[in-house]
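**Student:** Before I ask anything, let me first share the structure, which is written out below as structure tokens.
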Amino acid sequence: MAATLAPLEPLNPARIPRHVAMIMDGNGRWAKQQGKPRLFGHQAGTENLREIIKACVEFGVRYLTVYAFSTENWNRPDDEVKGLMRILADALERELPELHRQGVRLRHIGRLERLNPVLMEKIRQAMELTRDNDRLDVIIAWNYGGRDEIVAAIEKIVSQGYPVEQVNEKLVADSLFTAGIPDPDLVVRTSGEYRTSNFLLWQTAYSEWYFPPVYWPDFNRVEFHKGLQDYARRERRFGKTSEQLAG
Ligand code: IPE
Ligand code: IPE
Ligand code: MG
């Protein structure tokens with residue numbers, strides 16, 4: 001059996017994506033397959049994120065964005081929404097000192113309003129504490145939707161009174177929640193679903209996608225390594241031809 005597994009190659013530091021974005025999907029199914037409640041899966045998923053953050057530091061990824069709660073996830077049963085909010089609050093409290101020690105800068109994208117004020121304050125404090133760290137930026141997409149982000153950017157541009165001649169791609173990019181963060185090079189979606197679910201619609205225009213066939217709590221360091229290996233073999237053409245890139 002072991003002979004059929006592709007061995008892990010050492011990763012070429014020149015081919016590591018600077019920014020990896022992850023749609024952490026499949027927590028509910030992971031729990032269900034072992035007869036446990038969905039929140040058990042979300043808890044396991046949160047613990048897995050700790051390992052993935054460590055792996056990012058080890059592999060030399062500079063930005064990690066994680067999709068943890070979408071604008072559409074408010075439509076889930078009340079207990080699940082409340083449970084997810086509590087899991088985030090507890091994880092922030094528990095993990096913050098270690099993340100800070102590792103040189104992680106915590107950031108948030110999405111609308112903070114509509115969150116419970118206590119949770120909102122915890123997120124703000126975590127961002128403030130870690131703002132000067134520069135080893136790895138961990139960007140948590142919480143109450144985030146790609147369409148909502150574009151609406152928020154338009155609101156900002158209009159309210160600042162920009163004349164139409166000044167509206168261009170740079171102004172839009174600079175008005176998004178992700179202003180100043182480079183676009184993701186690689187997007188990973190676990191659990192065998194092949195869709196964006198409203199994640200980083202603008203920023204992923206030229207991202208590479210990777211779909212490992214495992215639920216998020218099982219997406220470990222080895223699975224991540226495989227994804228990076230796959231990414232390293234790709235040619236990103238940005239509209240050009242292979243010959244142009246070689247020349
Ligand atoms: C992802 O896992 C976490 C969130 C969306 C909050 P899911 O909860 O979507 O798990 P599945 O897709 O139902 O298995
Ligand atoms: C996307 O997963 C959102 C997060 C991982 C936070 P969903 O499970 O909510 O996406 P759909 O509903 O299956 O598209
Ligand atoms: Mg899901």
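The values are calculated or read from the model by the stated rules, or taken from the named source; none is laboratory data. Quantities reported herein were computed from a predicted structural model and do not represent experimental measurements. No Cβ is skipped: glycine too gets one built from the backbone with ideal geometry, and neighbour counts run over all protein chains shown.
**Student:** With the requirement that a residue be without any contact (Cβ under 8 Å) to a residue 24 or more places away in the chain and not in a helix (DSSP H, G or I), what does region 15-32 give you?
**Tutor:** Passing the criteria: none in range.
**Student:** Given the condition acidic (Asp, Glu) and touching a residue at least 12 places away in the same chain (Cβ under 8 Å), answer yes or no: does some residue in region 232-244 qualify?
**Tutor:** No, region 232-244 contains no residue that is acidic (Asp, Glu) and touching a residue at least 12 places away in the same chain (Cβ under 8 Å).
**Student:** I would also like to ask the following. Restricting the first residue to region 55-75 and requiring it to be closer than 21 Å to LEU228 by Cβ, which pairs with a second residue that is more than 9 Å from ligand 1 (Cβ to nearest atom) and of a type in the set (S, T, N, Q) meet a Cβ separation below 7 Å and a spacing of at least six or different chains?
**Tutor:** VAL57/GLN102
**Student:** Select from region 183-208 the residues that are crowded, with 16+ Cβ neighbours inside 10 Å, within 16 Å of ligand 3 (Cβ to nearest atom) and either outside any loop (DSSP other than H, G, I, E, B) or without any contact (Cβ under 8 Å) to a residue 60 or more places away in the chain (or both) and list them in ascending order.
**Tutor:** VAL187, VAL188, ARG189
**Student:** Looking only at residues that are over 13 Å from the mean Cα position of the chain (by Cα) and among the β-branched types (Val, Ile, Thr) in region 1-45, which one is farthest from ligand 2 (Cβ to nearest atom)?
**Tutor:** Step by step, filter region 1-45, then rank; the result is THR4.
**Student:** What pairs can you find where one residue is in region 135-162 and closer than 17 Å to SER197 by Cβ, the other is assigned to a helix (DSSP H, G or I) and among the charged types (D, E, K, R), and their Cβ atoms are less than 9 Å apart, with a gap of 6+ or different chains?
**Tutor:** Listed pairs, sorted by first residue: GLY145/GLU72.
**Student:** What number goes with the only condition from (1) surrounded by 18 or more Cβ atoms within 10 Å (Cβ to Cβ); (2) within 10 Å of ligand 1 (Cβ to nearest atom); (3) closer than 27 Å to GLY180 by Cα that THR65 does not pass?
**Tutor:** (2)
**Student:** If you don't mind, there's one more thing I want to ask. Which of the numbered conditions does THR178 fail, given that it passes all the others? Conditions: (1) surrounded by 12 or more Cβ atoms within 10 Å (Cβ to Cβ); (2) over 15 Å from the mean Cα position of the chain (by Cα).
**Tutor:** (2)
**Student:** Kindly indicate whether any position in region 52-61 is within 16 Å of ligand 1 (Cβ to nearest atom), at positive phi and at pLDDT 95 or above.
**Tutor:** Taking every residue of region 52-61 in turn, none turns out to be within 16 Å of ligand 1 (Cβ to nearest atom), at positive phi and at pLDDT 95 or above.
**Student:** Tell me the residue from ILE87, ILE109 that is more than 10 Å from ligand 1 (Cβ to nearest atom) and either in contact (Cβ under 8 Å) with a residue 60 or more places away in the chain or farther than 28 Å from PRO182 by Cα (or both), please.
**Tutor:** That would be ILE109, the only listed residue that is more than 10 Å from ligand 1 (Cβ to nearest atom) and either in contact (Cβ under 8 Å) with a residue 60 or more places away in the chain or farther than 28 Å from PRO182 by Cα (or both).
**Student:** Looking only at residues that are of a type outside the set (D, E, K, R) and away from ligand 3 (no atom under 15 Å from the Cβ) in region 19-36, which one is surrounded by the fewest Cβ atoms within 10 Å (Cβ to Cβ)?
**Tutor:** Among those residues, the one meeting the criterion is GLY35.
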